[in-house]
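Worksheet: the structure to be examined is printed underneath.
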Amino acid sequence: MKTFLLFFCFLLGLLQSAETCAQKENENIHHIINKVTERTDSFATEKIYVQTDKPYYAAKDTMWFSMYLFNASRLSASSKSSIAYIEIADEENKVKRRMMVSLYFGLGWGNFVFKESEFPQGNYTVRAYTNWMRNFDENYIFTKQFYISSPGEKDLLINTSLDAKPDVGETIVAMNLQVKKINQQPLSNSDFQLKITDGNRIWFRDKAKTSSNGSLDFNFTIPGKVNADKLFVTLQSANNMDESPVYKVPVIFNRRENIDLQFMPEGGYLVAGVPTHVAFKALGEDGNGASVSISVYNRKGDEVLASQSAHLGMGSFNLQSKSGENYIAKIKFADGTQSKEYALPAIKSSGIVLNIENKKDSDSLEINISASADVLAAKAFYYLMGESRGLACYGAGLTLDGSSKMVRISKTAFATGIAHFTLLNENRQPLNERLVYINRDDHLRVNVNADKMDYGTRDSVGITMAVTDKNGLPVQGSFSVSVTEDAQVKIDSLKRKSIRSVLFLSSDLKGHIEDPGYYFPSVMTNDIWQHLDNLLLTQGWVNYDWATLFQPLKKMDFPADTNFSIKGKVTNILNKPVEYSSVVLLSKTPMFVKTTITNAAGVFDFPGIYPSDSASYFLQSRNKNGKSFNVGIVMDEFQPPVFSAPKERVIPWYVNVDSNKIKSLHTLATYRENW
């Protein structure tokens, strides 16, 4: 009986201890979830999208835009900011025009007029952001590149091709230009001045004459130190050079020896003896994905596996690495030769591998957690966290009790878009991370119908638009519609940014996404689904640092603009603040007069002013005696950010044009004659 009682007490103690541990683990998980939610609510990250009426413009044209500001977590109208900024920068990343836009329930609109004196023919970038967004990664800023053209009947069209061969410390280039008139007839026997530049530096200068078929052939040598991203051929007629237009043709290399090949193991690491899914991405010199076939070799030179890219230079393979090995890869070219060596990531002797199976038609995710023998033997405790749009959607504790672990999670726990999974140790330090895409098929269904099939000149067009959810139920909302002429505008559905691709994809990934529209077809296929997963494996990024999650929230550098206000300080001749000074604000457009008094620090504020277009304001301050003598005003002005220049090169409208573009150019040229 004593033995039985002792055993019962021991068993009861174990059960109570297990219950206490389970309760503590649940409390820790809830604590992590609460911290994630607290940080998300405090940060209130915003996403912005701008719809423009056209993908490219002509000189004297007008860009009409609609702006949408979202709360990044719920994709509802953001209530954080009521002011947004939109700017247009030129090829040198200099801002040509900046506009402040008032937002009503997250919506704003406006336009830019492209005067030829202010916006000459060339590449431009439109950016949109709020002051609050400046606290976060620049990836949240909306950017879109476009071209302003000025086609006329005397303009030229240029097709280009080149062959580049490496030499000792330099590159020998043979280039061909086919010069045609805008009516597609070759420009024969015409003299041109040629220059090769990379900014302000000229590397080559020569004169050349086109052949009878409009061909220009020339050779030049470029040193290895040249910035190939800024290399141009400038072409100008040698006759009457003061009035002849200058044509800039980008020199774009795609030398196979300069392909960049990178490897990204799923979860972050290669662990010896543990099978790992490895993604890779090959980029050409033009910044686009390069289709490649690769072979992976061990340190003895034995081929371990072969693979090839599936889409835009991205692919994946499975590798069970061995301890003490060093793996390298080589690209196989069509002529049977191979590239230089590309090293795979170093192999860790101890660690954990996180693998997620995300099948297109499955209603759940299959998460497999494998580890090296020493990690499994430790039987340590871990946290698995799943987030969507910064909100904690899943949390669980688990122990690797001597074997790998498999967890199934329903996709219904996550919103449509990118879900972010993290495995943390018992000290809540991140070990592995993985992004997957969740498709709930809950996008809106939009049906647009015209009231007639044919219309007469200056006839009015009646449009009916019906919007429903996936169940066919009507949806109420705010929408923007652009109407363009097919003869002028041709939209590439694969390359264009859409509100869907920006909100659900590009704003949560790093780097340039080539052909973002490709990943959102009308009907998703298994191939596109796999290509989307490869994209997430190669370009995934984390929007906050787990190490700072449990630290006190820091004060943000840039406050949200809740309204437009005119602020400043009144100072005397000694630059000291003047308190209780009367300040008068006068506006002519719109007409109003406002007055206020400075505080003890000499600061004044006129809040709640509507930022109308081309508004002008006048301020006047007076001292305590009502005199304007010996007082001055220092304005609290908006300090605009300086963003990075886009890395992608936009091809001018007159270079390598296709037949559809030529038709639109003829139409534009005809319209310009009537402007």
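In what sequence, largest accessible area first, do 116, 637, 366 appear using a 1.4 Å probe?
Solvent-accessible surface, decreasing: 637, 116, 366.
Based on the mean of other beta carbon atoms within 10 Å per residue, what is the order of 343-353, 279-289, most packed first?
Going from most to least packed, we get 279-289, 343-353.
Give, in whole angstrom and from largest to smallest, the semi-axes √(5λ) of the equivalent ellipsoid of the range 433-537, with λ running over the eigenvalues of the Cα gyration tensor.
Here the semi-axes work out to 32, 18, 12 Å.
Rounded to the nearest 0.05, what FRET efficiency do residue 554 and residue 335 give with R0 = 45 Å and r taken as the Cβ-Cβ distance? Could you check?
Result of the calculation: an efficiency of 0.20.
Within 10 Å of each candidate Cβ there may be at most 11 other Cβ atoms; applying that plus a DSSP loop requirement, which trypsin sites (Lys or Arg not before Pro) in the range 466-571 survive?
In loop regions of the range 466-571 (DSSP not H, G, I, E or B), the sparsely surrounded trypsin sites (Lys or Arg not before Pro) are 470, 554, 555.
Can you give me the long-range amide H partners of residue 656? Hydrogens built in the peptide plane at 1.01 Å from N, cutoff under 5 Å, separation of 5 or more residues or another chain.
158, 159, 160
Within the chain, which DSSP H helices have Cα atoms that stretch 15 Å or more along the helix axis and a mean Kyte-Doolittle hydropathy of at least -0.5?
2-43, 526-539
Report the accessible area of residue 232, computed with a 1.4 Å probe over the heavy atoms of all protein chains in place, in Å² rounded to the nearest 10.
40
Determine the shape class of the range 89-178: with a ≥ b ≥ c the square roots of the Cα gyration tensor eigenvalues, call it rounded for a/c under 1.5, and otherwise prolate if a/b is greater than b/c, oblate otherwise.
Oblate, since a/c reaches 1.5 and b/c is not below a/b.
Can you work out the FRET efficiency for the pair residue 593 and residue 107, with r the C-beta to C-beta distance and R0 = 35 Å, to the nearest 0.05?
That pair, residue 593 with residue 107, gives E of 0.70.
If I model a spin label at residue 484 and residue 618 as a point 7 Å from the Cα along the Cα→Cβ vector, what separation in nanometres do I get?
Output for this residue pair reads 4.4 nm.
At a Förster distance of 51 Å, what's the computed FRET efficiency of residue 62 paired with residue 524, Cβ-Cβ distance as r, to 0.05?
E between residue 62 and residue 524, to the nearest 0.05, is 0.85.
Mind checking the full-extension length gain between residue 510 and residue 579? Use 0.36 nm per residue of separation minus the Cα-Cα distance, one decimal, nm.
Extra length from residue 510 to residue 579 when fully extended: 19.9 nm.
Read phi for every residue in the range 592-603 and hand back ³J(HN,Hα) as whole Hz from Karplus 6.51 cos²θ - 1.76 cosθ + 1.60, θ = phi - 60°, with x for Gly and Pro.
So the Karplus estimates, Gly and Pro as x, are 6, 9, 10, 10, 7, 10, 6, 8, 4, 8, x, 8 Hz.
Please label the shape of the range 477-594 as rounded, prolate or oblate, based on the square roots a ≥ b ≥ c of the eigenvalues of the alpha-carbon gyration tensor (a/c under 1.5 means rounded; beyond that, a/b larger than b/c means prolate, else oblate).
Oblate is the answer for the range 477-594, as a/c is 1.5 or above yet b/c matches or exceeds a/b.
Given labels modelled 7 Å from the Cα in the Cβ direction, how far is it in nm from residue 359 to residue 427?
Spacing of the two 7 Å Cα→Cβ label points: 3.9 nm.
Filter the trypsin sites (Lys or Arg not before Pro) in the range 69-140 down to the DSSP loop ones having no more than 12 other Cβ atoms within 10 Å, then list what survives.
Loop-located and lightly packed - 94, 115.
How many Å³ per residue does the convex hull of the Cα positions in the range 69-219 occupy?
Expressed per residue, the convex hull around the Cα atoms of the range 69-219 is 200 Å³.
Once the piece of chain linking residue 215 and residue 260 is laid out straight, how much longer is it, given 0.36 nm per residue of separation minus the C-alpha distance between them?
Once the chain is fully extended between residue 215 and residue 260, it gains 12.9 nm.
If you count only protein heavy atoms with a 1.4 Å probe, what accessible area per residue comes out for the range 272-394, rounded to a whole Å²?
For the range 272-394, the per-residue accessible area is 45 Å².
State, to one decimal in nm, how far the label point of residue 77 lies from the label point of residue 457, with both points 7 Å from Cα in the Cβ direction.
Spacing of the two 7 Å Cα→Cβ label points: 4.3 nm.
Based solely on its DSSP helices, what 222 nm [θ] is calculated for the chain when runs of n ≥ 4 H residues each add -39,500 (n - 2.57) and the sum is averaged over all residues, nearest 500 deg cm²/dmol?
-4000 deg cm²/dmol
Straight-line reach only, C-alpha to C-alpha below 17 angstrom: list the lysines that residue 569 could link to, leaving out same-chain residues fewer than 8 apart.
Excluding near neighbours in sequence, the set is 594, 624, 627.
By average Cβ neighbour count within 10 Å, what is the ranking of 185-198, 379-392 from highest down?
Sorting 185-198, 379-392 by mean packing, highest first, produces 379-392, 185-198.
Under 1.5 on a/c is rounded, so check that first for the range 472-512, then, if it is not, pick prolate when a/b is larger than b/c and oblate when it is not; a ≥ b ≥ c are the square roots of the alpha carbon gyration tensor eigenvalues.
Judged from the Cα gyration tensor, the range 472-512 comes out oblate (a/c at least 1.5, b/c at or above a/b).
Whose amide H sits under 5 Å from the amide H of residue 266, counting only residues 5 or more places off or on another chain, with H placed in the peptide plane?
Those qualifying (amide H under 5 Å, at least 5 residues apart or on another chain) are 277, 278, 279.
Heavy-atom accessible area per residue, the range 68-201, 1.4 Å probe: how many Å²?
Solvent-accessible surface per residue comes out at 45 Å².
Read through the labelled values [x] 28.2; [y] 30.0; [z] 26.1 and report the label of the one computed as Kirkwood radius over Cα pairs in Å from the structure.
Derived directly from the coordinates: [y].
I'd like the carbon and sulfur percentage of the solvent accessible area for the chain, probe radius 1.4 Å, heavy atoms only, ligands and nucleic acids excluded.
Of all accessible area on the chain, carbon and sulfur atoms account for 50 percent.
The values are calculated or read from the model by the stated rules, or taken from the named source; none is laboratory data. Predicted model only: the values in this text are computed from it and were never measured. Cβ atoms come from the backbone with ideal geometry, glycine included; neighbour counts cover every protein chain shown. We work out accessible area using only protein heavy atoms, side chains counted, and drop any ligands, DNA or RNA first. Shrake-Rupley method; radii C 1.70, N 1.55, O 1.52, S 1.80 Å.
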